[in-house]
Amino acid sequence: MRVLGAKARRNPKRLVFAEADNIKILKSAQIAYDERIAYPILLGDEKAIRQMALDNSIDIDDMPIIDPRNDEYEEKRKQFGELFFKKRQRKGVNQYEACKMMKDRTYFGCMMVETGDADAVISGLTRNYADAIRPALQVIGMEEGVKKIAGMYMLLTKRGPLFLADTTVNLNPTAEELADITLLAAKEVRSFNLTPRIAMLSYSNFGSSDTPEAKLVARAKDIVKEKDPTIIIDGEIQPNIAFNQEILRDNYPFSELVDQEVNTLIFPNLAAGNIAYNLMKEIGGADAVGPILLGLKKPVHVLQLGSSVRSITNMALIAVIDAQLKCQNANQDPAKKPAWWKKK
């Protein structure tokens, strides 16, 4: 995380905190500001936010506060609403509803990113995952060529960072969808200056089980290799075998994972991935960073319900690095330092 912090500080981005009327969000915003990670933009009732900050000795004096419900932002809501209506007019949303929805802070924050008023947004601390992710899909949309988004956690373990996908979005992906998830995860791992070494997990090892579930994982691996022959990947494989080089070398010397330190795990379905990451976090003592959304055009990240200050701060880091990468890919200019960004 120190490495990621240094990377974020080289080019901090304008980061929207959509639920700024929460004490943990305010603490995280102050940390992001003090550590020069991001330029925080707070959404919510200004009076309530300032009182909360005062009561808890949190310095937010140099951070802009925007309340989308305030009449001051009526024109901005109208502008955002008209743009949203164009996106959703044939998907069950009328013009009045589109403008009304811009009073919602998550929709407003996503629209700020979409229009270039901000570079990234994080939300979801106080709402369920589906409700938090919906505005991102409807406003931002998916990257070109991406058919489904996915979720990935980064676990900080004794053996180093370990990436797990999909842990939050796709219930029972097909082989083609699982291959797409794998390629999205590999792309994200590379953004952290790491080489992805991927194990496609199953209860079977290289054909030891002839079940449809095992064959699906093996087929997904083949599709990944067809699309990217250079990628280090193998499966289907049990997780204990993927991490045990002695067993792997003695029994499966043909595997691409021999003498490779696996750092990315792809699960066959959402249940397996979600259960595994929660067990590793609670019993294994690994710190979890995420969920990291994969496949969106622009950086929107959804917090886990009730995340700690540390987790929110880590997600702010991820969001800034994601924004750095996506701005670079889109040939956008670096975010200009706001006037309130003080020299220290």
### Cα long-axis angle, helix 175-191 against the chain (0 to 90 degrees, to the nearest 10)
60 degrees
### Message
Through the Karplus equation 6.51 cos²θ - 1.76 cosθ + 1.60, θ set to phi - 60°, convert the phi angles of the stretch 284-295 into ³J(HN,Hα) values in whole Hz; use x for Gly and Pro.
### Response
x, x, 7, 7, 9, 10, x, x, 9, 6, 10, x
### Task
Report, by chain and number, residues whose modeled amide H sits under 5 Å from the one on residue 66, excluding near sequence neighbours (fewer than 5 apart, same chain).
42, 43, 44
### Task
Return the calculated 222 nm mean residue ellipticity for the chain, to the nearest 500 deg cm²/dmol, obtained by summing -39500 (n - 2.57) across DSSP H runs with n ≥ 4 and dividing by the residue count.
-13500 deg cm²/dmol
### Summary
Sparse-neighbourhood loop hits (trypsin sites (Lys or Arg not before Pro), the stretch 159-257; DSSP loop; Cβ within 10 Å at most 15 others) -> 159
### Message
Heavy atoms only, 1.4 Å probe, whole protein assembly: order 322, 259 by accessible area, highest first.
### Response
259, 322
### Task
Compute the distance in nm between two label points, each set 7 Å from the Cα along the Cα-to-Cβ direction, one at residue 227 and one at residue 90.
2.6 nm
### Task
Identify, among 173, 155, 140, the residue whose Cα sits farthest towards the positive end of the charge dipole of the stretch 130-181, taking +1 on the Cβ of Lys and Arg and -1 on the Cβ of Asp and Glu, with the dipole about the Cα centre.
155
### Query
With each pseudo-label sitting 7 Å past Cα toward Cβ, what's the residue 215-residue 325 distance in nm, one decimal?
3.5 nm
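Give the shape of the stretch 96-148 as rounded, prolate or oblate, defined through the alpha-carbon gyration tensor: a ≥ b ≥ c are the square roots of its eigenvalues, a/c under 1.5 means rounded, and otherwise the shape is prolate if a/b is larger than b/c and oblate if not. Numbers along the way, then the final one.
Details: a/c = 1.41, a/b = 1.18, b/c = 1.19.
Rounded, because the longest to shortest axis ratio a/c is under 1.5.
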### Query
Once the principal axes of the Cα atoms of the stretch 121-227 are found, what is the range along each, listed largest first in whole angstroms?
44, 32, 26
### Task
Work out how much length residue 117 to residue 45 would gain on full extension: take 0.36 nm times their residue separation and subtract the Cα-Cα distance, in nm to one decimal.
24.0 nm
### Task
Work out the charge dipole of the stretch 25-84 with +1 on the Cβ of Lys and Arg and -1 on the Cβ of Asp and Glu about the Cα centre, then indicate which of 79, 48, 33 is farthest towards its positive end.
79
### Message
Could you give the length gained by full extension between residue 35 and residue 251, i.e. 0.36 nm per residue of separation minus their alpha carbon distance, to one decimal place?
### Response
72.9 nm
### Message
Taking the Cα centroid of the stretch 16-31 and of the stretch 125-199, what is the distance between the two, rounded to the nearest whole Å?
### Response
24 Å
#### Entry: Rounded to 10°, Cα long-axis angle of helix 309-329 versus longest principal axis of the chain
90 degrees
### Message
Give me the one-decimal nm value for the distance between modelled label points at residue 159 and residue 100, 7 Å along each residue's Cα-to-Cβ direction.
### Response
5.3 nm
### Task
Nearest 5 is fine: what % of DSSP beta bridges in the chain come out antiparallel, could you say?
35 percent
### Message
If I take every Cα pair under 8 Å that is 6 or more residues apart in the chain, average their sequence separation and divide by the length, what percent do I get for the relative contact order?
### Response
23 percent
### Rounded, prolate or oblate (a/c below 1.5 giving rounded, otherwise prolate when a/b exceeds b/c) for the stretch 160-274 by Cα gyration tensor
rounded
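According to the square roots a ≥ b ≥ c of the eigenvalues of the Cα gyration tensor, what is the shape class of the stretch 1-45, taking rounded for a/c under 1.5, prolate for a/b larger than b/c otherwise, and oblate for the remainder?
prolate
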### Probe 1.4 Å, all protein chains present, accessible-area order of 277, 96, largest first
96, 277
### Apportionment of accessible area to carbon and sulfur, the stretch 41-170, percent (1.4 Å)
46 percent
### Task
Just name one of 266, 283, 192: the one whose Cα is farthest towards the positive end of the charge dipole of the chain (beta-carbon charges, Lys/Arg +1, Asp/Glu -1).
192
### Message
Explain nothing, just the number: dipole magnitude of the chain about its Cα centre with +1 on each Lys and Arg Cβ and -1 on each Asp and Glu Cβ, in debye rounded to the nearest 20.
### Response
880 debye
### Query
Which length gain, in nm to one decimal place, applies between residue 282 and residue 9 when the Cα-Cα distance is subtracted from 0.36 nm times their residue separation?
95.2 nm
### Message
Please report the accessible area of residue 100 (heavy atoms, 1.4 Å probe, ligands and nucleic acids excluded) in Å², nearest 10.
### Response
130 Å²
### Out-of-range pairs (alpha-carbon distance over 32 Å; input 78/298; 27/86; 7/215; 87/281)
27/86; 7/215; 87/281
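At 1.4 Å probe radius, can you tell me the per residue accessible area of the chain in Å²? Don't skip to the answer; put the middle values down first.
On the way: 16230 Å² over 344 residues.
Spelled out: the 1.4 Å probe surface of the chain, per residue, equals 47 Å².
The values are calculated or read from the model by the stated rules, or taken from the named source; none is laboratory data. Since the model is a prediction, treat every value here as computed from it, not as a measurement. We place every Cβ from the backbone using ideal geometry, glycine too, and count neighbours over all the protein chains shown. Calculation scope for accessible area: heavy atoms of the full protein, side chains included, ligands and nucleic acids excluded. Shrake-Rupley method; radii C 1.70, N 1.55, O 1.52, S 1.80 Å.
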